[in-house]
Amino acid sequence: MRRPPPWRSTRTAPRTGPSTVSPRTRRPRPVPTSLSTSATTSTGRHHRTRTTQPRVATCRGRQPTGHVSSRTSSDRPRPCWRRAPFLFARGNHEACGTGVGRGPEWWRYLATEIFANNECFSISDPPPNEAAPVVIDAGTLHFILFDSSAVPDSADFTLNQAEANRYTDWFNQVNALAKRHPTREYFLITHKPLWTVTGATATSVTWTSPTLARAVEQTTDHALADNIHLVLSGHEHMYQMLEFNSARPPQLTVGASGTLLGRAPVDSLVGGQSVDGETVARTISHDIHGYAVLRDTGGQWRLTFHDSAGVAQSPSCLLSTGTTKTFSCT
């Protein structure tokens, strides 16, 4: 039998069915120094923190596993450490398995629930599944953390129907979590993006991930919940804000924070082309090292990309609050 630690109470959804997973040892996470002095608490798959600074600094890359150059690894995320919650999204470098996989380290040090040494969990595990989507509340910030670490890289740009089928239930869970508080705005965090364009010509685009996008399309709602206003991702080694000017949330990909860079597409070639059945209204892409800041301006989120010296790059964009999800940029 597992005895719940004192820092965890009930789960947001009861887990049903027998578990074949052996007992696991957990220990409470320390309170992040970037938060207020109120303790961080966890309610199973629903975690709460408090912060007096409602903003998000997104510094995404491969820092946890060390796959960065010494020139870029030490100073990139410093603006993130000051007054914003620091959330980790598990990526393919933290998958279970041999080679580059650092899954046991993820579950020992970085996950929302901490386990003993040499334990690793994935979407293939039986219920109750420790890697399933989880809500994190931090004051006025509301996140749904989605583990896309097990999606094979071969499925990034090519539809893998079997993988899409595996992830459909998790996206149903994402929608169910968001619908519990329909007046809250949620940001979906997934290391691998849903809709990021990495290349474009005058007649076509190359985008990722048709596999995860298909999983969303196969959900009961055939889309993300209405109150999911933004998808935050990394994985691709560049920065990109992509919007559809529709009920589909914009895709924000911040993968330029601490690793070798790829080449961003020419934005003028992307707008007007189709990604996952919808027309792209606009992209703003950068292939320089930097980070993104989302700041609450009193009811709307302002997005700005900064280079590695901290200089804001134009344009600066405000996220809409209506049913049509779009950025207005100046």
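The values are calculated or read from the model by the stated rules, or taken from the named source; none is laboratory data. Computed from a predicted structure; not experimentally measured. In this analysis, Cβ positions are derived from the backbone assuming ideal geometry, glycine residues included, and neighbour counts consider all displayed protein chains.
Condition check ((1) part of a strand (DSSP E or B); (2) of a type in the set (A, V, I, L, M, F, W, C); (3) closer than 29 Å to TRP207 by Cβ) across all residues:
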| residue | (1), (2), (3) |
| --- | --- |
| PHE115 | no, yes, no |
| SER122 | no, no, yes |
| PRO126 | no, no, no |
| ALA132 | no, yes, yes |
Inset, instruction - Can you confirm whether the range 178-186 contains a residue that is surrounded by fewer than 16 Cβ atoms within 10 Å (Cβ to Cβ), within 21 Å of LEU294 (Cα to Cα) and polar (S, T, N, Q)? - result: yes
Legend entry - Selected residue (criterion: farthest from the chain's Cα centre (by Cα)) from residues of the range 243-287 that are farther than 13 Å from SER204 by Cα and of a type in the set (Ser, Thr, Tyr): SER246
Inset, instruction - Could you please let me know if ALA292 is among the hydrophobic types (A, V, I, L, M, F, W, C) and either in a strand (DSSP E or B) or touching a Leu at 6+ places or on another chain (Cβ under 7 Å) (or both)? - result: yes
Inset, instruction - Kindly indicate whether LEU194 is touching a Leu at 6+ places or on another chain (Cβ under 6 Å) and either assigned to a helix (DSSP H, G or I) or within 27 Å of ASP125 (Cα to Cα) (or both). - result: yes
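Can ALA178 be described as of a type outside the set (S, T, N, Q) and modelled with pLDDT of 95 or more? Full working, then the answer.
Numbers: of a type outside the set (S, T, N, Q): yes; modelled with pLDDT of 95 or more: yes.
Yes.
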Inset, instruction - Could you list, in sequence order, all residues of the range 266-301 that are in contact with an Asp or Glu (Cβ under 6 Å, 6 or more places away or on another chain) and either under 15 Å from SER316 (Cβ atoms) or not hydroxyl-bearing (Ser, Thr, Tyr) (or both)? - result: ALA281, ARG282, ILE288, GLY290
Legend entry - Residues (crowded, with 20+ Cβ neighbours inside 10 Å and in contact with a Pro (Cβ under 9 Å, 6 or more places away or on another chain)) located in the range 120-139: CYS120, ILE136, ALA138
Inset, instruction - Filter the range 289-323 for residues that are β-branched (Val, Ile, Thr) and either closer than 24 Å to SER209 by Cβ or without any contact (Cβ under 8 Å) to a residue 24 or more places away in the chain (or both) and give the result. - result: THR297, THR304, VAL311
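Every residue, every condition in (1) surrounded by fewer than 16 Cβ atoms within 10 Å (Cβ to Cβ); (2) among the aliphatic types (A, V, I, L, M), yes or no:
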| site | (1), (2) |
| --- | --- |
| GLU236 | no, no |
| SER246 | yes, no |
| ASP267 | no, no |
| ALA281 | no, yes |
| ARG295 | no, no |
Legend entry - Members of the range 162-188 that are out of contact with any His (no Cβ under 7 Å at 6 or more places or on another chain) and either within 18 Å of HIS237 (Cβ to Cβ) or assigned to a loop (DSSP other than H, G, I, E, B) (or both): ARG180, HIS181, PRO182, THR183
Inset, instruction - Taking VAL293 as the residue in question, decide whether it is under 30 Å from PRO182 (Cα atoms) and hydrophobic (A, V, I, L, M, F, W, C). - result: yes
